[in-house]
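Asker: The structure follows.
Read the figures in this text as sums done on the coordinates, not as results from a lab. For clarity, every value in this text was computed on a predicted model and none was experimentally measured. Every residue, glycine as well, gets a Cβ built from its backbone with ideal geometry; the counts of neighbours run over all protein chains shown.
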Amino acid sequence: MVMVTSLIFLILGYVVGAIPTGYFFCKFFFNMDITASGSGNIGASNVGRVLGKKYFIIIFVLDALKAYAALVFANLAIHSYSMQSWFLHLVVAGLLVGNAYSFLLNFKGGKGVATTCGIIFFMLPWFMGLGFVATWLIVLAITKTPFWASLASILALLLSVVLYGSFQQVVFVGIIFMWLLFRHSTNLVAWLRTKAF
């Protein structure tokens, strides 16, 4: 029974995470394929780069709310049926994997920063979520580079839970940090190559 329940929560997270908000938004409102524009990414950064800053905000908020809503629903189910709280972590894993490897986009997807933001606001104290967003905005304003802003914000969050959080929170954020580092590895390699010459 535990295996079946675990699979259900994992699939729930994956399906919700796999909904390509930026792709559908651009198709519906602008009749354009965002994967053929800019960097080709479906995330808020590329949508904002192609369509303008306000659309970055719209997609970022929608992606974050999508993840947050999935966790609210899962949490209600867990409490309603007296299930173990660790099932939420399966939803988190599903959300991140679904966002990165959407079955609706031939298993391609976004970097997962907005999804991570929604996860953080649900799973951690609200001030840590605000710190994550504030760090992202400040670093973006300084560097003009979304991937540096993303890595700096998750690193700052990791440091904050090391200093003020529990061991479980450190492990949780540490895993997400490694995931975002992996998702941004191509950007990091490209940046390092430019600095090598």
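Asker: Taking Cα atoms of the stretch 1-114, Rg/Rh with Kirkwood Rh, to two decimals?
Answerer: On the way: Rg = 15.2 Å, Rh = 14.5 Å.
A ratio of 1.05.
Asker: Given axes a ≥ b ≥ c from the Cα gyration tensor, I'd like to know whether the chain is rounded (a/c under 1.5), prolate (a/b larger than b/c) or oblate.
Answerer: Details: a/c = 1.81, a/b = 1.26, b/c = 1.44.
Oblate, since a/c reaches 1.5 and b/c is not below a/b.
Asker: With a cap of 16 neighbouring Cβ atoms within 10 Å, and only residues DSSP puts in a loop, list the chymotrypsin sites (Phe, Trp or Tyr not before Pro) found in the stretch 49-129. Can you show the working numbers first?
Answerer: Values: sites: 55, 56, 60, 68, 73, 81, 86, 87, 101, 103, 107, 121, 122, 126, 127; in loops: 81, 86, 101, 107.
Those satisfying the criteria are 81, 86, 101, 107.
Asker: Restricting things to alpha carbons, find the Rg to Rh ratio for the stretch 124-190 using the Kirkwood radius for Rh. Let's see the in-between values first.
Answerer: Working: Rg = 12.0 Å, Rh = 12.1 Å.
Taking Rh as the inverse mean 1/r over Cα pairs, Rg/Rh reads 0.99.
Asker: Roughly speaking, what is the centre-to-centre gap between the stretch 121-197 and the stretch 1-44 when only Cα atoms are used, to the nearest Å?
Answerer: 21
Asker: Then there is this: Give me the percent relative contact order of the stretch 1-114, please, defined on Cα pairs under 8 angstrom at least 6 residues apart. Don't skip to the end; give the middle numbers.
Answerer: Working: 165 pairs, mean separation 44.3, N = 114.
Dividing the mean separation by the residue count of the stretch 1-114 yields 39 percent.
Asker: In whole percent, what relative contact order does the chain give with Cα contacts below 8 Å and a gap of six or more residues?
Answerer: On the way: 257 pairs, mean separation 40.1, N = 197.
Relative contact order for the chain comes out at 20 percent.
Asker: If amide H atoms are built 1.01 Å from N in the plane of the peptide, which residues on other chains or at least 5 residues away come under 5 Å of the amide H of residue 108?
Answerer: 102
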